[in-house]
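The values are calculated or read from the model by the stated rules, or taken from the named source; none is laboratory data. Here the structure is a predicted model, which means the values were calculated and not measured. Reconstructed Cβ throughout: ideal geometry from the backbone, glycine too, with neighbour counts over all protein chains shown.
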Amino acid sequence: MGDRIEKFKKLLEEASKPVKAAKGRHAKYRGKIQILSKVPISTFEDFAVWYTPGVGEVAKAIHKNKDSVYEYTNRWNSVAIVSDGTRNLGLGDLGAEAELPVLEGKALLFKFLGGVDAFPLCIAAKGQEEIIRFVEWIKPSFGGINLEDIAQPKCFHVLDELRKNLDIPVWHDDQQGTATVTLAGLINALNLVGKKAREITVSLIGAGAANITIARFLAAYGVKIGNMIIVDRTGILHAGREELRGGYKEKWEMCLKSNREGRTGGIAEAMKGSDVCIAASAPGPGIIKRSDVASMASDAIIFALANPIPEIWPWEAKKAGARIVATGRSDFPNQINNSLGFPGIFRGALDVRAKAITDEMCIAAAKELARVAEEKGIHEKYIIPSMEEVELFPREAAAVAAKAMEQGIAGIKLGKKELLDNAAKIIQNARAQIELLTKAL
């Protein structure tokens with residue numbers, strides 16, 4: 001017992017180091033991103049080309065052919081990160097100003113991992129129709145939209161409407177990003193334990209934006225939706241949950257489609273006999289109990305994704321019989337990290353000027369992520385790559401771009417090698433720029 005307490009103290013101490021350093025380092029640099037010129041400026045005469053009078057010719061050319069904006073401006077590589085701040089990480093509604101450092105960090109990851117120029121836009125509006133209208137207004141400036149930290153259930157409506165109304169990629173990372181990376185990890189976990197997607201039972205703890213979309217992606221991959229048991233704060237979703245009818249469309253649909261057995265109860269009843277448990281609920285520990293894990297099928301797989309503390313500590317899950325455990329934390333094996341998804345996925349979508357990011361494109365990304373790890377040799381503590389494995393992002397981008405072309409929603413058609421080389425070059429250039437600036441600081 002004493003050794004376990006000491007281990008726990010050390011883990012907490014390590015986990016707290018970035019938290020303790022964050023305020024001081026943010027204040028030192030006064031933010032994490034800036035705008036820099038990408039064109040040469042040798043003399044003031046250069047501004048006659050880059051601005052007036054020369055830029056007038058470019059404006060007239062774009063007026064004649066709107067698509068040429070992608071050739072003459074940075075729109076081809078620009079993404080807006082839009083948030084109303086109503087779901088600031090796991091901290092709740094902290095407001096738009098408090099969301100800004102989060103989005104700046106996201107923009108930094110976009111650039112370093114995907115070579116994408118992303119702009120944080122925190123808005124002083126919380127109505128779903130206001131958010132939709134805002135994004136529609138800013139569309140001419142951007143090649144893609146990343147929705148971030150928008151509370152459910154409005155996040156579903158906002159994403160659905162924008163995907164219908166806009167002809168550029170729109171994505172909600174809390175939905176599609178988490179689902180993509182979770183599926184990638186699960187593909188390899190199932191391979192390790194020798195189970196097939198169509199035969200497993202999955203319990204999903206939490207019925208928010210992440211798990212509802214995860215359920216949809218699992219179904220598209222081959223898991224029978226009737227074999228999924230989803231739990232929200234009230235209990236298991238089932239056809240008798242009449243209070244959800246008409247209020248929360250996505251949840252009500254899951255009430256009707258999932259849980260073929262008609263189970264009722266809570267977490268314990270949902271997890272009993274399940275092969276896989278995916279938890280994206282409240283920070284733990286203790287949300288999932290050892291007894292819940294012990295009741296699962298043999299060779300159980302647990303993804304406890306709450307941050308900063310997972311629903312159950314990995315060593316507790318292992319002791320209770322789980323064979324493979326993943327969390328959202330970098331200090332444990334098998335981190336399910338959205339940063340593995342959005343930089344490469346947007347890179348691929350932008351490179352072929354895709355009109356959308358479809359579920360099929362996300363699943364293609366998940367399969368490529370899984371393949372990167374599989375080629376290196378998966379085992380119980382390595383089912384998914386880490387951010388340090390830089391080759392995964394061009395590969396993911398190429399897989400996403402190829403799927404967009406296959407679906408007929410790409411504005412540009414490129415060969416596989418050209419896609420891979422192009423993505424790799426853009427990402428390498430972005431990293432070189434950041435490294436050069438870092439040396440100068």
Notebook entry, point to check: So residue 112 clears everything in (1) in contact (Cβ under 8 Å) with a residue 60 or more places away in the chain; (2) in contact with a Phe, Trp or Tyr (Cβ under 6 Å, 6 or more places away or on another chain); (3) farther than 20 Å from residue 209 by Cβ except one condition, right? Which one?
Noted result: (2)
Check: Among the residues of region 271-278, is there at least one that is in a helix (DSSP H, G or I) and of a type in the set (Lys, Arg)?
Finding: no
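For region 203-212, indicate whether the set of residues that are outside any helix (DSSP H, G or I), closer than 18 Å to residue 156 by Cα and of a type outside the set (A, V, I, L, M) is non-empty.
The initial filter retains those residues of region 203-212 that are outside any helix (DSSP H, G or I), namely 203-208.
With closer than 18 Å to residue 156 by Cα added as a condition, the list becomes 206-208.
Next cut, of a type outside the set (A, V, I, L, M) only: 206, 208.
Yes, there is a match, as at least one residue in region 203-212 is outside any helix (DSSP H, G or I), closer than 18 Å to residue 156 by Cα and of a type outside the set (A, V, I, L, M).
Is at least one residue of region 104-111 acidic (Asp, Glu) and not in a helix (DSSP H, G or I)?
From region 104-111, those acidic (Asp, Glu) are 104; that's our starting set.
Retained after the next criterion (residues that are not in a helix (DSSP H, G or I)): none.
Among the residues of region 104-111, not one is acidic (Asp, Glu) and not in a helix (DSSP H, G or I), which makes the answer no.
Out of 343, 385, which single residue is part of a loop (DSSP other than H, G, I, E, B) and in contact with a helix residue (DSSP H, G or I) (Cβ under 9 Å, 6 or more places away or on another chain)?
On the way: 343 fails: part of a loop (DSSP other than H, G, I, E, B).
Just a single option satisfies the conditions, and that option is 385.
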Margin query: So for region 61-84 (the condition being closer than 28 Å to residue 345 by Cα, at pLDDT below 90, assigned by TED's automatic domain parsing to the domain that holds residue 148 and not β-branched (Val, Ile, Thr)), does at least one residue qualify?
Written below: no
Check: Of the residues in region 107-139, how many are closer than 18 Å to residue 162 by Cβ, charged (D, E, K, R) and at pLDDT 95 or above?
Finding: 5
Check: Can you name every residue in region 37-88 that is exposed (fewer than 13 other Cβ atoms within 10 Å of the Cβ), part of a loop (DSSP other than H, G, I, E, B) and touching a residue at least 12 places away in the same chain (Cβ under 8 Å)?
Finding: 38
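Any idea which of 426, 357 is within 30 Å of residue 327 (Cβ to Cβ) and touching a residue at least 12 places away in the same chain (Cβ under 8 Å)? Outline the logic, then answer.
Numbers: 426 fails: within 30 Å of residue 327 (Cβ to Cβ).
Testing whether each residue is within 30 Å of residue 327 (Cβ to Cβ) and touching a residue at least 12 places away in the same chain (Cβ under 8 Å) leaves just 357.
Residues are listed down the side, and each one gets a yes or a no for (1) surrounded by 19 or more Cβ atoms within 10 Å (Cβ to Cβ); (2) more than 24 Å from residue 87 (Cα to Cα); (3) acidic (Asp, Glu):
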site	(1), (2), (3)
299	no, yes, yes
339	yes, no, no
348	yes, yes, no
354	yes, yes, no
Notebook entry, point to check: So residue 332 fits all but one of (1) modelled with pLDDT of 95 or more; (2) not assigned by TED's automatic domain parsing to the domain that holds residue 184; what number is the exception?
Noted result: (1)
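Pick out the one residue from 269, 243 that is at pLDDT 95 or above and farther than 22 Å from residue 183 by Cα.
Numbers: 243 fails: at pLDDT 95 or above.
Unique residue meeting the criteria: 269.
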Check: Only one of (1) surrounded by 16 or more Cβ atoms within 10 Å (Cβ to Cβ); (2) over 18 Å from the mean Cα position of the chain (by Cα); (3) touching a residue at least 40 places away in the same chain (Cβ under 8 Å) fails for residue 400. Which number is that?
Finding: (2)
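Restricting to region 246-266, and then to whatever is of a type in the set (D, E, K, R) and assigned to a loop (DSSP other than H, G, I, E, B), can you tell me which residue is nearest to residue 179 (Cα to Cα)?
Residue satisfying both the conditions and the ranking: 260.
Looking at 332, 303, which is the one that is among the aromatic types (Phe, Trp, Tyr) and buried (at least 23 other Cβ atoms within 10 Å of the Cβ)? If you could, list the steps in order and put the result at the bottom.
On the way: 332 fails: buried (at least 23 other Cβ atoms within 10 Å of the Cβ).
Being among the aromatic types (Phe, Trp, Tyr) and buried (at least 23 other Cβ atoms within 10 Å of the Cβ) holds for just one of 332, 303, which is 303.
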Item checked: Inter-residue pairs, beta-carbon under 6 Å, first assigned by TED's automatic domain parsing to the domain that holds residue 92 and in region 140-156, second among the basic types (Lys, Arg) and assigned to a loop (DSSP other than H, G, I, E, B), 6+ apart -> 149/87; 151/87
Notebook entry, point to check: Quick one: how many residues across region 369-382 are surrounded by fewer than 22 Cβ atoms within 10 Å (Cβ to Cβ) and outside any loop (DSSP other than H, G, I, E, B)?
Noted result: 7
Margin query: One residue is enough: does region 146-158 have a residue meeting the conditions modelled with pLDDT under 95 and aromatic (Phe, Trp, Tyr)?
Written below: yes
Item checked: Residues that are of a type outside the set (Val, Ile, Thr) and assigned to a loop (DSSP other than H, G, I, E, B), drawn from region 223-243 -> 224, 232, 233, 235, 237, 238, 239, 240, 241
